[in-house]
């Protein structure tokens, strides 16, 4: 039986600016937007006092709510998908990796059935962060997990994932990395530069080979030097690439985020959480990759101070985006929803409030807190009571 849902009295955060209008959804899609809509037998949601935008899309997340993506247990992904709408997330990429090639292949094989098959937030595919990254900039990844780029190895991973790998982070300065970038693009995924010590010249070669995205700009990469801009300057000046920015206030100083945004603008900036399984738990400590980590100030870090991931959920990143950058709510939705949809290869049905798009909607109160989340036209979180 067809399911119809009519949303009344809300303010829509449209690209042109906020506008009061009704939204009619049917069978998981938006079918009409306008004033005074009506529909027989439709379930009605009164959104008075709430602002409605496209659901948040997180293309770089390793888990949350106690559920880690470093697993071969698909139930953990499903559990995250059920938890994430509380934070306004309606779809995501599964950012994961195995201990070695065999473990990585087994992980993708085990988890691939959940892609496009989760209740709540939709798993859109995989983000493979590593193993083809520079040990000099390994960040939280144990160096023994890292390997030189091999095209054939990636193709085995993509086959195990049933073609669902959507993003691959690599260091373009590594031997054969440019050949790998071409294979990633040919497979339908997006090559992303990250965990890199590349020079400006090496970054240029990476962009020429098909790299079109940058993983957590500023973090785990060669810093700016007045005589060698490296990946940060190269990425900011390359109009063809989008760049991830972490807005937890801990990974990157707000002033640096503002500088980057003034160059990237609203079309190239992509907000990500880089969340660990500890996100949203409110704990002060936990474990990651077999090591004890301490949670404070929006991040989890090892004893030596190395940041291993964020614990601030996407709704807080959204609020920080507006506060740090001084942008309006419609632009913030572009950074947290529209642009990530492009990176995930889902822009034809995600990331916008428009007819024909999936009815993935987040409802925010005057303090930008999530009060209601719809995933494909179904209520996935209801915090109005």
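Summary table
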| item | result |
| --- | --- |
| q = 0.15, 0.18, 0.20 Å⁻¹: log10 I(q)/I(0) that the Debye formula gives for segment 219-326, counting C-alpha atoms only | -0.68, -0.92, -1.06 |
| Virtual spin-label span in nm between residue 2 and residue 378, 7 Å along Cα→Cβ | 2.0 nm |
| Cα principal axis extents for the chain, largest first, Å | 62, 43, 42 |
| Simple label model, 7 Å out from Cα along Cβ direction - residue 289 to residue 156, nm | 2.2 nm |
| Helical contribution to [θ] at 222 nm, DSSP H n ≥ 4, -39,500 (n - 2.57), averaged over the chain, rounded to 500 | -7000 deg cm²/dmol |
| Using alpha-carbon coordinates, inclination of helix 314-325 to the longest axis of the chain, degrees | 80 degrees |
| The chain - share of DSSP beta bridges that are antiparallel (%, nearest 5) | 55 percent |
| For segment 321-385, the spread of Cα positions along each principal axis, largest first, Å | 31, 30, 18 |
| Normalised convex hull volume, segment 90-174, alpha-carbon set, Å³ per residue | 92 Å³ |
| Efficiency of FRET from Cβ geometry, residue 304 and residue 256, R₀ 25 Å, rounded to 0.05 | 0.65 |
| Relative contact order (%) - segment 56-343, alpha-carbon pairs under 8 angstrom, separation at least six | 18 percent |
| Ranked packing of 265-274, 289-298, 308-317, most packed first, by mean Cβ within 10 Å | 308-317, 265-274, 289-298 |
| Calculated diffusion of segment 132-264, Stokes-Einstein form, Kirkwood radius summed over Cα pairs, 37 °C and 0.692 mPa s, µm²/s | 219 µm²/s |
| Degrees separating the helix 74-83 axis from the principal Cα axis of the chain, which is the longest one | 50 degrees |
| Inter-probe distance in nm under a simple model that places probes 7 Å from Cα toward Cβ, at residue 43 and residue 368 | 2.9 nm |
| Euclidean distance between Cα centres, segment 135-188 to segment 288-322, Å | 25 Å |
| Whole-number Å³ per residue for the convex hull built on Cα positions in segment 1-153 | 164 Å³ |
| Additional length obtainable on full extension of the chain from residue 176 to residue 200, 0.36 nm per residue less Cα span | 6.9 nm |
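Each value in this text was obtained by applying a stated rule to the coordinates, not by laboratory testing. Just so we're clear, the structure is a prediction, and the values are computed from it rather than from any experiment. Here the Cβ is made from the backbone with ideal geometry for all residues, glycine too, and neighbour counts use every protein chain on show.
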